[in-house]
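For reference, the structure is listed below as structure tokens.
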Amino acid sequence: MDVLTVEKLNVSFRTDEGLKHAVRDVSFTLKNEKLAIVGESGSGKSTVGKAILKLNPSSSIVTADKLQFKDCNILTCNDRQIRSIRGQHISMIMQDPKFSLNPVMTVGDQISEALRVHQKITRHEAKKAAIKMLHEVSISDPEYVYGQYPHEISGGMGQRVMIAMMVIPEPDIIIADEPTSALDVSVQQDVLNILNELVERKNISLIFVSHDLNLVKKFCDRVLVMYGGKVVESIKANALSNATHPYTRGLMESLPSLKHRRDVLPVLSRDQQWLA
Amino acid sequence: MRNVETIKNPDYGMGLRVNVEPTRKALFVKSFKKLCKNPLSASGVVIVTLLLILAIAAPLIATHDPLQQDLARTLSAPSIAHWFGTDEYGRDIFSRIVYGSRVTLYIIFLVTIIVGPIGLLIGTMSGYFGGWIDSAFMRVTDIFISFPSLVLALAFVAALGPGLEHAVIAIALTAWPPVARLARAETLTLRNSDYVVAAQLQGASSFRILFHYISLMCLPSLIVRLTMNMATVILTAAALGFLGLGAQPPLPEWGSMISTGRSYMLESWWLVAFPGAAIMLVSLAFNLLGDGLRDLLDPRTE
Amino acid sequence: MIRSRWLGAAKKLGVIFITLFGLLTMTFVIGRLMPIDPVLAVVGPDADSSTYEQVFLQMGLDRPIWVQYFYYLQDMLSGDFGYAILTGSPVVNDIIRVLPATIELASVAIIFGVGLGVPLGVYAATHRGRLGDHLTRIITLFGYSTPVFWVGMVGLIIFYAWLNWAGAAGRIGFAYDGMFVSYTGFYLIDTLLSGNIDAFISALRHIALPALILGLNSVSFLGRMTRSFMLEQLSQEYVKTARVKGLSERSVIWKHAFKNILVQLLTIVALAYGGLLEGAVLIETVFAWPGFGQYLTDSLLMGDMNAVMASVLFIGLVFVFLNLLSDVLYKLFDPRTK
């Protein structure tokens, strides 16, 4: 079943130097799967994620033939309708917990808030649920962490808190926007495993925005490769090594490997024609 | 912060962006155009220009001699003969306001040429040499800043005696610390820049570096700061005039005009209303101008 | 950690000490610069030369300047500011007497400043670039640009002379003077505590106009500061997180972004309160408000050196104190500094 359908999504920004096209004619459907969007910085991959939640700044213009979540048309949603979708049905994990957690609210308050926005439950019940959730993201002393402020916990812990916050309302889709790239390499894998395990257990569809092909190859079912705001290739993750598009091939070829010795890594070639 | 930046402003240019180094003059023209595009700062430019014209062409614009008394027509209400009415000696208020623009510009000019160099010197030296010079200068600056500027100016004028020049000195004494702080901050960022280091390696003396390299680079932001300061200078000067400590009669200074008009204000409102409106308009213009300049230089605070 | 904190506190104290020392030095220098003969100010113009000589020696003016400076420091540090010529009582007593009037005025003004300035700033920040933002900008710039003493007079002309809404000069109508017990020195509170409602209304009518006008400047200051603080917060990632959760825009603004600027705002309010003292010097003159500002200007015009220097020093002290207070508030309320 298709959870999310995107057809010909276009996003552009008004700037002093005129309109800047960030996303051009992006189309895809999301089933109950883990879909990766990869691309270099500036390719528009994060903008796609934000457009789904209508989070783009007011200086942007979003158009699409179709932007459908289940039986709800996101494009025509008013503020209240989109708010009832955010969090409850589609939520988003941000890049860096250092910036994405409110510095003057305790971690626990922020998690239980995510629940209390959409459900009529008491403060006490929300706290219990939040502590349970903290436990699920493998935080060893949930009661203690609940009362801590974001600056008092580590980056890896912060990202687990972020995951807890976004998973607790049990949404249908989670958009993870480079959830591990700001983290220390040593904890990246832990955080990914926790995310993976939760998503699979709770039957959540995942859009995983990343620039890391290696990661995506192991972790996701399907990959959209973006370049210059366009999707240049859509491919099964396990078929990545047989990719046909020269850009994808270029990306694959510039991956270093621990197992084999390689020559100097090739420089990515780019072609304006891909954008035509 | 960097992460936030990349998320907010990804580069979609893909090499399409053409970078042409603009010349200094073209940059100035472009900035000026941008300044005038904003209606608020444009109106600031217009009012300041009008003020300059008013001061230069005062004898042509004024309808009467600002000092000419006419005891037969004291305290007459605004009319065709006297647009803004007359004061307690029958002097034409419109003409006095026109000539008062000269006094105002005189004060602004003097304060600025005193404060600018002093602030620049203390700030750049403080920032460049660091160490005990920096500590000493900055402590002194702190002490001056810890007084509210009007009260400090009051105290100085009290010590020096009332008068326009004394008021200028007192205002200048209170206005330099923020300028010095700014110059110091700028110098700190410039001190280790490559071109300064290059000059040092070529054997340039400290004073040469200070005056030929660092001071010049500090100038643009300093000018913005001084422009924004001018509104405060006008208000402080007017306040001193109002308390009878600034310009002395019969000089047509706006603040002292309000001060003398105060005794008659309940019956003859025009004695107070017009000079005050002039002060407000001019200080508003400088604020608008300063605001626009700041936005131009630092778009983040827009 | 703890050691560095103590070191920081010690450093802070050192700075305060040096600042106080500087304040004293500055008032001393200003006092010596004064063209007014301090002896004449005490004995009056009619005194004969032997009295003059006696007072001259009594004041220690024959000694070298650094000895005079030393004695000055000693006097000041022991709280001896001398006698005011105007009232004939110790300056300290005078300042304590006039202070409540100014504090009352400034407090009502700051309530107005915060109550209007902060919402205005939040509104402007959340409507950035739109009509409301531009209007706010114009309003706050006007607030910055108008001479407060002039607005005071225009206010008196309109609301007292023409409309008769406001009370005349002074703190309260003549009829009510002394009709209530002075518990605190604040008329608004004293009249209520005495149960004299009419007197309370009279006091309110007298304070409303000067306080509102005095507060205009803080409305502008706080409005602009709030706006820029809020803009900075609204561009942060955690605001996006709050939106992702599905929070209403109002919760995003007040529960998340605004909560983050509270501490900054608190420190700014402390500074704005200091700025009000400055405005009070002018407003009290216009409204004949018998407070600290009027005391200072009266002493200035009389050439009463002791009173002027003590007042200036006092204002300096208040500023140092408010700066310190804002630092302490910051440390106390911001979880990030714990």
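The values are calculated or read from the model by the stated rules, or taken from the named source; none is laboratory data. Just so it is clear, the model here is predicted, and its values are computed rather than measured. Here Cβ is always computed from backbone atoms with ideal geometry, including for glycine, and neighbour counts include all displayed protein chains. With ligands, DNA and RNA removed, areas are computed over all heavy atoms of the protein, side chains included. Shrake-Rupley method; radii C 1.70, N 1.55, O 1.52, S 1.80 Å.
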Of the residues A:Ser210, B:Met265, B:Pro59, the Cα lying farthest along the dipole of the protein assembly as shown towards its positive end, which is defined by charges on the beta carbon of Lys, Arg, Asp and Glu, belongs to A:Ser210
Going through A:Lys132/C:Lys245; A:Lys50/C:Lys259; C:Lys259/C:Lys331 one by one, the pairs whose alpha carbons sit over 23 Å apart turn out to be A:Lys50/C:Lys259
Largest-first semi-axes in Å of the equivalent ellipsoid built from the Cα gyration tensor of segment C:137-205 are 30, 15, 10
Rounded to the nearest 10, the angle in degrees between the Cα long axis of helix B:149-160 and the longest principal axis of the Cα atoms of chain B comes to 60 degrees
Buried accessible area between A and C, both sides, 1.4 Å probe, in Å² rounded to 100, is 2100 Å²
Descending accessible area (1.4 Å probe), largest on the left, turns C:Arg250, C:Arg205 into C:Arg250, C:Arg205
Interface residues of segment A:18-35, defined as losing at least 40 Å² of accessible area versus the chain alone with a 1.4 Å probe, are A:Lys20
Expected output for segment C:262-286, residues with a loss of 20 Å² or more in accessible area relative to the chain alone at probe 1.4 Å, reads C:Glu278, C:Val281, C:Leu282, C:Thr285, C:Val286
Given 20 °C, 1.002 mPa s and a Kirkwood radius over Cα pairs, the Stokes-Einstein diffusion coefficient of segment B:213-259 in µm²/s is 177 µm²/s
Ignoring chymotrypsin sites (Phe, Trp or Tyr not before Pro) buried by more than 16 other Cβ within 10 Å or outside DSSP loops, the longest site-free run in chain C is C:1-164
So, over other residues within a Cβ distance under 12 Å of A:Arg201, counting Lys, Arg +1 and Asp, Glu -1, the net charge is -3
In Å, the Kirkwood hydrodynamic radius from C-alpha pairs for segment B:137-283 sits at 17.7 Å
In degrees rounded to 10, the 0-90 angle between helix C:91-126 Cα long axis and the longest Cα principal axis of chain C is 20 degrees
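Over all distinct Cα pairs, what is the inverse of the mean 1/r for segment C:286-333, reported as the Kirkwood hydrodynamic radius in Å?
Radius from the Kirkwood sum: 12.3 Å.
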Taking r as the C-beta separation of B:Val46 and C:Lys12 and R0 as 60 Å, the FRET efficiency to the nearest 0.05 is 0.80
A student asked for the Cα radius of gyration and Dmax of segment B:209-302 in angstrom ought to give 17.9, 62
For segment C:151-252, the Cα-Cα pair-distance distribution in 5 Å bins from 0, as whole percents, is 2, 11, 15, 12, 11, 10, 8, 7, 8, 9, 6, 2, 0
Treating every alpha carbon of segment A:236-276 as one equal point scatterer without solvent, the Debye formula yields log10 I(q)/I(0) values at q = 0.14, 0.16, 0.20, 0.32 Å⁻¹ of -0.39, -0.49, -0.72, -1.12
So, for the Cα atoms of chain A, Rg and Dmax in Å stand at 19.3, 62
Quick calc, chain A, dipole around Cα centre from Cβ unit charges on Lys, Arg (+) and Asp, Glu (-), nearest 20 debye, gives 400 debye
Going residue by residue through segment A:31-42, the Karplus relation 6.51 cos²θ - 1.76 cosθ + 1.60 with θ = phi - 60° gives ³J(HN,Hα) values, rounded to whole Hz and with x marking Gly or Pro, of 9, 6, 7, 10, 9, 9, 10, 10, x, 6, 5, x
Computed over the protein assembly as shown, protein heavy atoms only, probe 1.4 angstrom, the accessible area per residue in square angstrom equals 47 Å²
Taking only the alpha-carbon positions of the protein assembly as shown as identical scatterers, the Debye log10 I(q)/I(0) at q = 0.06, 0.07, 0.09, 0.10 Å⁻¹ comes out as -0.57, -0.75, -1.09, -1.23
Computed about the Cα centre, the charge dipole of segment C:134-275 from +1 Lys/Arg and -1 Asp/Glu charges at the Cβ has a magnitude in debye, to the nearest 20, of 700 debye
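If you take the accessible area of A alone plus B alone and subtract the pair, what total do you get in square angstrom, rounded to 100, with a 1.4 Å probe?
Protein heavy atoms only, the A-B interface buries about 1000 Å².
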Cα-based Rg then Dmax for segment B:123-176, in Å, read 13.4, 39
Note: segment B:75-135 at 10 °C, 1.306 mPa s; Kirkwood Rh on alpha carbon pairs; Stokes-Einstein D in µm²/s works out to 106 µm²/s
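Taking segment C:124-165 on its own, what percent of its Cα-Cα pair distances exceed 18 Å?
49 percent
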Taking N as the number of residues in chain C, the ratio of its alpha carbon radius of gyration to 2.2 N^0.38 Å works out to 1.20
Counting only protein heavy atoms with a 1.4 Å probe and every protein chain in place, the carbon and sulfur fraction of the accessible surface of chain C in whole percent equals 68 percent
Taking only the alpha-carbon positions of segment C:45-163 as identical scatterers, the Debye log10 I(q)/I(0) at q = 0.13 Å⁻¹ comes out as -0.83
The farthest towards the positive end of the charge dipole of chain B, of the residues B:Gly241, B:Val115, B:Leu293, given +1 on Cβ of Lys and Arg and -1 on Cβ of Asp and Glu, is B:Leu293
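Using the C-alpha atoms of segment B:99-197, what convex hull volume per residue, in cubic angstrom, is computed? Intermediate values should be presented prior to the final figure.
Details: hull volume 9.9 nm³, N = 99.
It is 100 Å³ per residue.
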Given all pairs of distinct Cα atoms, segment A:112-156 yields a Kirkwood Rh in Å of 11.2 Å
Partner lysines whose C-alpha sits under 28 Å from that of B:Lys34, ignoring same-chain residues fewer than 8 away, are A:Lys20, B:Lys8, B:Lys25
Ignoring ligands and nucleic acids, C:Ile138 exposes an accessible area, probe 1.4 Å, in Å² to the nearest 10, of 60 Å²
In degrees, nearest 10, the alpha-carbon axis of helix B:39-56 is tilted away from the dominant principal axis of the alpha carbons of chain B by 60 degrees
Rounded to the angstrom and largest first, Cα extents along the principal axes for segment A:1-72 equal 43, 27, 18
Convex hull around the C-alpha positions of segment A:162-276: the volume in Å³ per residue is 135 Å³
Taking protein heavy atoms only, a 1.4 Å probe, and rounding to whole percent, the accessible area of chain A owed to carbon and sulfur comes out at 48 percent
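Is the C-alpha gyration tensor of segment C:212-327 telling us rounded, prolate or oblate? Criteria: a/c under 1.5 is rounded; beyond that, a/b larger than b/c is prolate, otherwise oblate.
Prolate shape, in that a/c is at least 1.5 and a/b is the bigger ratio.
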Once all protein chains are kept in place, B:Trp269 shows an accessible area at probe 1.4 Å, nearest 10 Å², of 90 Å²
Semi-axes (Å, rounded, descending) of the ellipsoid equivalent to segment A:89-196 per its C-alpha gyration tensor are 20, 16, 12
Per residue convex hull volume, Cα only, segment A:1-137, in Å³ is 158 Å³
Buried accessible area between C and B, both sides, 1.4 Å probe, in Å² rounded to 100, is 4500 Å²
Mean separation of Cα contacts under 8 Å (at least 6 apart) over the residue count of chain B, i.e. the relative contact order in percent, is 22 percent
Ignoring ligands, DNA and RNA, the residues of segment C:309-329 whose accessible area with a 1.4 Å probe is reduced by 40 Å² or more relative to the chain alone are C:Val312, C:Phe319
Computed about the Cα centre, the charge dipole of segment A:96-248 from +1 Lys/Arg and -1 Asp/Glu charges at the Cβ has a magnitude in debye, to the nearest 20, of 340 debye
Projecting the Cα atoms of B:Ile209, A:Ser41, B:Cys36 onto the charge dipole of the protein assembly as shown, where Lys and Arg contribute +1 and Asp and Glu -1 at Cβ, the residue farthest towards the positive end is A:Ser41
Computed over chain B, the Cα gyration tensor eigenvalues, each multiplied by 5 and square-rooted, give semi-axes in Å (largest first) of 43, 25, 16
